[in-house]
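Shown next, in structure tokens, is the structure this report addresses.
The numbers here are math on the coordinates, done by the rules we state, and not lab data. All of these numbers come straight from a predicted model, not from anything done at the bench. No Cβ is skipped: glycine too gets one built from the backbone with ideal geometry, and neighbour counts run over all protein chains shown.
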Amino acid sequence: MQNESVYRELLEKYASHFGGEPSVAAYAPGRIEVLGNHTDYNEGFVFSAAIDYGTFFAVCPAEGTSCRLVAGDLMREVTFDINEILPSRNDTWQNYVKGTAAGIVALAAGPLKGFDAMFLGNIPLGSGLSSSAALEMCTGLALAKLYGVETDPVTMAKIGQKAEHEYAGCKCGLLDQISSLAGKEGMLVKTDFRSIVYETVDMGPDACFLMVNTNAKHRLVDGAYDQRRQACETAAAHFAKALRHPVTHLRDVTMAEWALYRRGLDPVAADRAAHPIGEDERVLLGAQMLQTGDLSGFGRLMFDSHASSRYLFENSCEELDAVVDICRKIPGVLGARLSGGGFGGSVVVLVHPRDAETAAAAIANVYNAKFETPCTVSMIHPAAGACLVK
Ligand code: ADP
Ligand code: MG
């Protein structure tokens, strides 16, 4: 089992806190975004992967309707009633669980008993590896089992997304939850965000990833996010008028059409639009390259993706650019790009496993010398997705 020692620690803590064993337990991993940036809300394509770090959720039904919920690392407990699950301003970690619980309860046949639950994981929090989606998906799987609710992965992912929107206050897409559920060992997950259909694609044994967390957080992120989305919508409306075929999202526009029909579109909006359009094409090309085992070609697409973020979408920053520039000079590094929303956060690096340690040390050294503050480098192997473990 993935991360077995974390599960054992959780069971020990659960037993000493609640005085018994859980009846149900589930595991869910974090994720990396590998190729396809800001494409989900443009109804395009993304390559992602579930990672080998994750979170476990252990639960047992209670006698009454009260729920006791413990964050296993802090050993902090909160309580709420199963019939009144509301977001809280304190101990905000509970909102990911509560939002997910609310989604499951809405599908369950009542009346319902409460529960005694505890969760524990090893994903660094807030570092771009989506510890929040992992927490939602292990909660969702465990509570669905506990309450006898049948779901499919897309429904489960949407329950997690709704928890982020309505309980945690984060307007995320579906990528994180889908990746956490759909991951397979050694595989990338390729998702079409129009149909929300996904498949896994083999990476072969010659690839692993480094996740370089710059710990950089830049202000005005929310405003910049909204501006990017707005620019994509403006551009989609322009191409809907200019092209003969129906265009509802930038997914419907090719780079060739962009070049031919961009006239009349505000130049900044045109640059912004070129990013998700180019990313869609890179994901599709990358899929072909993986079929022929061309990891170097796939890595070049990752570098291209970063350049597109840096110069066209302008969602990069000095620290992310520096990591990618360092990576270009390290032998054995095949590709590197920012992962996730941008404006700070993490860079995902594709590297041959035999070069991973040397590359990680080189990145950390050069970064530290340049910024006089460390970045955090984690080695990541694409891993199995969420599952029930008890
Ligand atoms: P990310 O999803 O990239 O890690 P977020 O800000 O979306 O970053 O979610 C991080 C938050 O999720 C944490 O601040 C915490 O509230 C909650 N969380 C996730 N996993 C755990 C955990 N194992 N223990 C406590 N809190 C957790
Ligand atoms: Mg998150």
- To the nearest 10 degrees, how steeply does helix 153-163 sit against the main Cα axis of the chain, on a 0 to 90 scale? 80 degrees
- In debye, nearest 20: dipole of the range 204-380 around its Cα centre with unit charges on the Cβ of K, R (+) and D, E (-)? 260 debye
- Item | Neighbour-limited loop hits for GluC sites (Glu not before Pro), the range 6-90 (at most 14 other Cβ within 10 Å; DSSP other than H, G, I, E, B) | Glu63
- For Lys241, go through the aspartates and glutamates and keep the ones whose alpha-carbon is under 14 Å away, minus same-chain ones fewer than eight residues off. Glu233, Asp252, Glu257
- Item | FRET efficiency estimate (nearest 0.05) - Cβ-Cβ, Lys184 to Glu21, R0 35 angstrom | 0.75
- Using +1 at the Cβ of each Lys and Arg and -1 at the Cβ of each Asp and Glu in the range 46-116, identify which of Ala50, Leu69, Ile85 lies farthest towards the dipole's positive end. Ile85
- Could you quote the convex hull projected area for the range 204-380, Cα atoms only and averaged over all directions, in nm²? 10.8 nm²
- Query: Of all DSSP beta bridges in the chain, what percent run antiparallel (nearest 5)?
  - Reply: 95 percent
- Cβ-Cβ FRET estimate between Met255 and Glu357, R0 fixed at 56 Å, reported to 0.05: 0.90
- Note on the structure: The size of the Cβ-based charge dipole (Lys, Arg +1; Asp, Glu -1) of the chain about the Cα centre, to the nearest 20 debye, is 500 debye
- Task: With only Lys, Arg, Asp and Glu charged, each at its Cβ (+1 for the first two, -1 for the last two), find how big the charge dipole of the range 1-60 is about the Cα centre; round to the nearest 20 debye.
- Result: 120 debye
- Cα gyration tensor shape for the chain, rounded if a/c is under 1.5, else prolate or oblate: prolate
- Relative contact order (%) - the range 204-380, alpha-carbon pairs under 8 angstrom, separation at least six: 33 percent
- Message: Positive end of the dipole of the range 204-380, charges at C-beta (+1 Lys, Arg; -1 Asp, Glu), about the Cα centre: which of Pro276, Cys375, His352 has its Cα farthest in that direction?
- Response: Pro276
- Query: Could you give the length gained on full extension between Ile196 and Leu285, defined as 0.36 nm per residue of separation minus the Cα-Cα distance, in nm?
  - Reply: 30.1 nm
- Message: Quick check: residue separation of Lys370 and Lys113 times 0.36 nm, minus the Cα distance between them. What number comes out in nm?
- Response: 87.0 nm
- Proxy exposure order for Ser308, Ser48 (fewest C-beta within 10 Å first) is Ser308, Ser48
- Note on the structure: Candidates Lys241, Lys162, Lys145; GNM for the chain (alpha-carbon contacts under 10 Å) flags as most fluctuating Lys241
- Task: May I ask you to compute the full-extension gain from Cys170 to His245, defined as 0.36 nm times their residue separation minus their alpha-carbon distance, rounded to one decimal in nm?
- Result: 23.6 nm
- Query: For the range 64-73, what does the Karplus curve 6.51 cos²θ - 1.76 cosθ + 1.60, with θ = phi - 60°, yield as ³J(HN,Hα) per residue in whole Hz, taken in order and with x for Gly and Pro?
  - Reply: x, 9, 7, 10, 10, 10, 10, 7, x, 6
- Message: I'd like the FRET efficiency for Thr65 and Asp206, computed as 1/(1 + (r/R0)^6) with the beta carbon distance as r and R0 of 45 Å, rounded to 0.05.
- Response: 0.25
- Query: Of Gly169, Tyr198, Ser309, which is farthest on the positive side of the dipole of the chain, counting Cα position, with +1 on Lys and Arg Cβ, -1 on Asp and Glu Cβ, and the Cα centre as origin?
  - Reply: Ser309
